[in-house]
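A short write-up of the structure that comes next.
FYI, it's all coordinate maths here, none of it is from the lab. Everything numeric in this text was worked out from a predicted model, so none of it was measured. FYI the Cβ positions are ideal-geometry reconstructions off the backbone, even for glycines, and counts take in every protein chain you see.
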Amino acid sequence: MIAIVRTKTIEDLGNIGRFGRFVWQAMLTSLRSCASGRTYPLIWNQMNIIGVRSVPVIMITGAFVGMTLAVQAYDQLAGMGLEEHLGSLINISVVKELGPVLAAVMLAGRIGGALTAELGTMNVTEQIDAVRSMGTDPVRYLVAPRILACLLLTPALIIFADFTGVMGGALVSFFQLGINSRAYWDFSASSVELWDVSIGVVKGFFFGGAIASISCYKGFNCREGAQGVGQACTEAFVASFISILALDFALAVISKAVYATFWPIRSLV
Amino acid sequence: MTEGIENNGKQVSDGIIVIKNLTRQFGKKVVLDSISLAIEKGKTTVVIGPSGCGKTVLIKHFIGLLRPTSGEVYFKDQRIDNLSDRELNRIRTHFGFLFQGGALFDSLTVAENIMFPIKQHHKITNWHEVQDVVKTKLTMVGLDGYQNYYPANLSGGQRKRVALARAIAMNPEVILYDEPTTGLDPIRADVINELILKLQRELGETTVVVTHDMKSAYKIADRIVMLHNGKIIADGDPDHIRNHPHPIVQQFINGQISPDDLAVLRMSSDISQTQFFPRDFE
């Protein structure tokens, strides 16, 4: 039993070390790629695959988040006679937490799975070795463009999710719940600050980096065969999901501390 | 600096690739066991041996795709097994590698696959020149006109020929072939053999072929090296291998099962009393 725990611990520590080294190498290579014009077409291509094609699904996710929040929160606020404050609650939740997190989870499923499957298949069919054999760094050619595209476009996608979330919540509030639109927007404007929107967008930067790094690492290190690729995709999604939640918590704590330093007093309603 | 190393009593001093006491382990399994070998410049060396004996592992060490557990690898008198990946990338441009499954990039067309190494190492100003190179290489492998096809639309033999065109795109000094005829019908396999000979004649490069296809080995080899249980057990020209006294070499080149394996097979059929037939489930 002790031997099994010891072996597993050593294996896990080894994996963490390898992942850390991979991320470090990928980040350095990505920075260097920014300075090299030759990488731009690759980044552009990945931005199209990762960003542009994700816009519809991210917008739908955001819209449903806003709409569901409106329906769920209405009863609680109406019970206290505060239904006109619904806008504050929906919009601050959407732009600060639910929009970024659910959009990132959706991206982890859509992009993370695809990245892992693509790189994993390239790995088992020796295409990554082929890149290496031709004197090209596979991290520069395959990983850096994907990481850069994710880093740049996840925040942009979160803005789309925020927009549709805000609109979805507003439409349900006005047309289904009958809330006065002027009061709704007035309360929203007074409670949602640029800081809240910014922190949500900044979170996207970290979420994008985590999704791309984990997915590329899992793809590069997947085992042979269809089962190996499938397992790598599952592991990549689970690890990305947990990372998103952990990063969200860490960023919430940090952002709150920073906010409290500069603006000590703030009320939600 | 490499000194001449001895292979089966033969001193080879002008090896373009030299390995010394190369050992490679995967976990506890020793795949290559203190192998020393020199690949002669401008010659075709064929590495033979049963499946899983470490042939591919051996040639992957030549370009640093794998690092030795112990031992040294030299290319043109420069030790390469301890180089960084960045330094190795420079060395790798001297090599062409034909992978067993072709390893073509399936998101790129045939032409883009062949252009890949050129685009990676040269700043292209004249695309017509690159297209001419692609055309020339495809003509050499008999596939001109297939520039806009994707690998998924090609047969197994065509994929290997495209992969070969990609391997020679940068006019390498050494071409490494990993099982070039495996999975092909005899005619396609012979086409690949003829291509290897043609490229050797026209480009004069050093060739290393890993195969267990003896017909192919006899046809293209200047020298045959046989691996067994991680060691080199035979090394010489095709005639030397044909008449080699080692029983394992004779079994391998004649495609015969060993008496031990045969005994195990016979014993297992005697032991196995329980058998399942479709009728049992009706």
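Which whole-number percent is the relative contact order of region B:100-171 (Cα, under 8 Å, 6+ apart)?
After rounding, I find 50 percent.
Would you kindly derive the ³J(HN,Hα) couplings of region B:60-73 from the backbone phi angles with the Karplus curve 6.51 cos²θ - 1.76 cosθ + 1.60 (θ = phi - 60°), listing them in order in whole Hz, with x for Gly and Pro?
5, 6, 4, 10, x, 6, 10, 9, x, 5, 8, x, 10, 10
Label B:Met267 and B:Lys215 with points 7 Å out from Cα along Cα→Cβ: what is the distance between them in nm?
3.5 nm
Show that you can apply the helix-only estimate: for chain B, add -39,500 (n - 2.57) for every DSSP H stretch of four or more residues, divide by all residues, and state [θ] at 222 nm to the nearest 500.
-11000 deg cm²/dmol
Run the dipole for chain A about the Cα centre, Lys and Arg Cβ at +1, Asp and Glu Cβ at -1, nothing else charged, and hand back the magnitude in debye, nearest 20.
It works out to roughly 780 debye.
Please list, or write none, the aspartates and glutamates whose alpha carbon is within less than 14 Å of the alpha carbon of B:Lys41, excluding same-chain residues fewer than 8 places away.
B:Asp14, B:Asp77, B:Glu173, B:Glu205, B:Asp222
With unit charges on the beta carbon (Lys/Arg positive, Asp/Glu negative), name the residue among A:Ile214, A:Gly204, A:Thr154 whose Cα is farthest towards the positive pole of the charge dipole of chain A.
Sorting the options by dipole projection puts first A:Ile214.
Which net charge results for the neighbourhood of B:Ile114, defined as the other residues with beta-carbon distances under 12 angstrom from its beta-carbon, given Lys and Arg at +1 and Asp and Glu at -1?
Combined, the nearby Lys, Arg, Asp and Glu give +2.
Using the Cα centre as the reference, give the magnitude of the dipole from point charges on the C-beta atoms of the protein assembly as shown (Lys, Arg: +1; Asp, Glu: -1; all else neutral), rounded to the nearest 20 debye.
My answer is approximately 780 debye.
With both bridge residues required to lie in region B:56-211, what share of the DSSP beta bridges run antiparallel, to the nearest 5%?
20 percent
Which whole-angstrom value gives the distance between the alpha carbon centres of region A:78-124 and region B:162-181?
A separation of 47 Å, based on Cα centres.
How long are the three semi-axes of the equivalent ellipsoid of the protein assembly as shown, in whole Å, if each is the root of 5 times an eigenvalue of the C-alpha gyration tensor, listed from largest down?
Here the semi-axes work out to 58, 27, 23 Å.
Taking only DSSP H segments of four or more residues, each worth -39500 (n - 2.57), what value at 222 nm results for chain A once the sum is divided by all its residues, to the nearest 500 deg cm²/dmol?
That calculation yields -26500 deg cm²/dmol at 222 nm.
Cross-link partners among lysines for A:Lys203, C-alpha distance below 29 Å, same-chain residues fewer than 8 apart left out?
Candidates past the 8-residue exclusion: A:Lys96, A:Lys218, A:Lys256.
Net charge near B:Gly54, counting Lys/Arg +1 and Asp/Glu -1 over other residues with Cβ under 11 Å of its Cβ?
+4
Using unit Cβ charges (K, R positive; D, E negative) and no other charged atoms, how large, in debye to the nearest 20, is the dipole of region A:101-250 about its Cα centre? Mind showing how you got there, number by number?
Values: 8 positive and 11 negative charges, 21 e Å.
With Lys and Arg at +1 and Asp and Glu at -1, about 100 debye.
Can you tell me the 0 to 90 degree angle between the C-alpha axis of helix B:127-140 and the longest principal axis of chain B, rounded to 10?
30 degrees
Counting only GluC sites (Glu not before Pro) that are in a DSSP loop and have at most 16 other C-beta atoms within 10 Å, tell me the longest site-free stretch of chain A. Intermediate results must be reported in sequence, preceding the final value.
On the way: sites that count: A:Glu193, A:Glu224.
No qualifying site falls inside A:1-192, the longest such stretch.
With the contact rule set at Cα under 8 Å and sequence spacing of 6 or more, what percent relative contact order holds for region B:28-166?
21 percent
Within 10 Å of each Cβ in B:86-97, how many Cβ atoms from other chains are there, averaged over the peptide? All intermediate terms of the calculation are to be shown ahead of the outcome.
Working: counts 1, 0, 3, 7, 1, 1, 5, 4, 1, 3, 2, 6.
Taking the mean over all residues of the peptide, I get 3.
Quick check: pseudo-label points 7 Å beyond the Cα along Cα→Cβ at B:Gln250 and B:Glu129, how many nm apart are they?
5.8 nm
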